[in-house]
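Notes follow the structure.
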Amino acid sequence: MFNVKKIFSLISLIFLMVVTISAFAANNNASKPSYLFVQTARFATLKPDSRHPGDYILVLHDIPKYVTYFTDRPQRISGLINVIDFLQEWQQNTKDNFTQDAPNVDVRGIKLHWLFHSKDTSIVVSLSNPSYDVGERTMTYTAKPVPGTQMPNRLITLRDVALFFDDFRGICYSCCCN
């Protein structure tokens with residue numbers, strides 16, 4: 001009635017198909033690079049947003065025209081992306097874009113104290129609502145503190161600022177061209 005060899009062969013074939021499909025899917029996901037970004041500015045201001053308690057306004061001043069990008073390993077890709085293209089990538093209509101899921105960002109700079117004292121400062125926030133003023137060379141963001149981050153209760157100014165953005169998974173159309 002039942003041929004044990006045929007049933008065993010069929011089960012083995014199904015098992016191999018499932019393993020092959022799983023391996024292909026894992027390999028396909030692994031091939032999508034994870035892009036990280038670094039944006040710099042000569043100085044920045046961070047202040048509480050009086051219209052939205054708990055939110056802050058981050059303004060970068062004197063920013064370069066380009067944002068640096070690089071990929072997580074195992075890929076080895078790096079380069080520069082124009083600020084306007086960076087904002088377009090931010091707003092791309094994909095499930096992994098920064099508009100749908102605001103990036104965590106380490107805002108690092110030197111906070112000036114009184115006359116000659118300065119302090120290296122790092123503030124971790126999630127950023128949203130980017131706005132770029134080409135003529136003024138400023139970028140404005142809404143900043144929300146990430147749990148565990150101590151936020152200032154008044155305006156602070158940082159100089160020599162670098163923003164380190166967490167990953168953007170998927171395709172960055174304006175990044176690289178290998």
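Here, each number is a calculation from the coordinates, and none is a lab measurement. What you are looking at is a predicted structure, and each value in this text was computed from that prediction instead of being measured. Here the Cβ positions follow ideal geometry from the backbone for every residue, glycine too, while neighbour counts run over all protein chains shown.
Taking neighbour counts of Cβ atoms within 10 Å as a proxy for exposure, in what order, fewest first, do SER131, SER174 appear?
If I rank by nearby Cβ atoms, fewest first, I get SER131, SER174.
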Final fewest-first order of LEU36, LEU158 on the 10 Å Cβ neighbour count is LEU36, LEU158
Aspartates and glutamates within cross-link reach of LYS47: Cα-Cα under 13 Å, excluding same-chain residues under 8 positions apart? ASP55
Express in nm, to one decimal, how much length is gained between TYR66 and HIS117 on full extension, taking 0.36 nm for each residue of separation and deducting their alpha carbon distance. 15.3 nm
